[in-house]
1. Return the long-range amide H neighbours of Arg25 (sequence gap of 5 or more, or a different chain), with a cut-off of under 5 Å between placed amide H atoms.
2. Ranked highest first by the average count of other Cβ atoms within 10 Å around their residues, in what order do 32-43, 96-107 fall?
3. R0 = 22 Å: FRET efficiency of Asp122 with Cys73, Cβ-based, nearest 0.05?
4. Across bins of 5 angstrom width beginning at 0, how are the C-alpha pair distances of the stretch 53-98 distributed, in whole percent?
5. Report, largest value first, the span of the C-alpha coordinates of the stretch 28-125 along each principal axis, in whole Å.
Amino acid sequence: MRRAALAALLTGPGLLMVGAALAARTPVAEVALRPSFGGAVLEGRVTAGADDELTGVWSSGGRARLLKCAPRCEAVQTIPVSGTLLMNAGTLYRVAVGGEFRAGQRVRLALRFSNMQVLNVDAAVSRP
């Protein structure tokens, strides 16, 4: 009985449902903040669906700036996330969080994605 149910799931419409579930994957983030001039830069990894976008990041200090840095940094409305997005001070896309931060401090961040999902994460502030 189990084999028949598994076979039905992995063929035809069942396969489409599995694919849709993977495409609409719940976002996950492993992030930290590195202090910089006037705030901090988000570092780490954000994993989301195949064609998702990061549309905003908020902290207790307000909305963070989404940046595309090629060759200069410019504010953008969204950051594309195709599976896994790596971010740090040297990557193409960056998130700059305003405020004053101390090493070891924990900061609560809210990340919003294009499918209206919101992911709340704690980010530790690392040493500059």
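Nothing in this text is a laboratory measurement; each read-out follows from the coordinates by a stated rule. Small disclaimer: the values here were computed from a predicted structure and weren't measured. Heads up, the Cβs are rebuilt from the backbone with ideal geometry, glycines too, and the neighbour counts pull from every protein chain shown.
1. Close amide H contacts, sequence-distant or interchain: Gly49, Ala50.
2. On the way: 32-43: 18.7, 96-107: 14.7.
Packing order, densest peptide first, comes out as 32-43, 96-107.
3. Details: r = 26 Å, r/R0 = 1.17.
Step by step, r from the Cβ atoms, then E = 0.30.
4. 5, 22, 31, 27, 12, 2
5. Its Cα atoms span 35, 30, 19 Å along the three principal axes.
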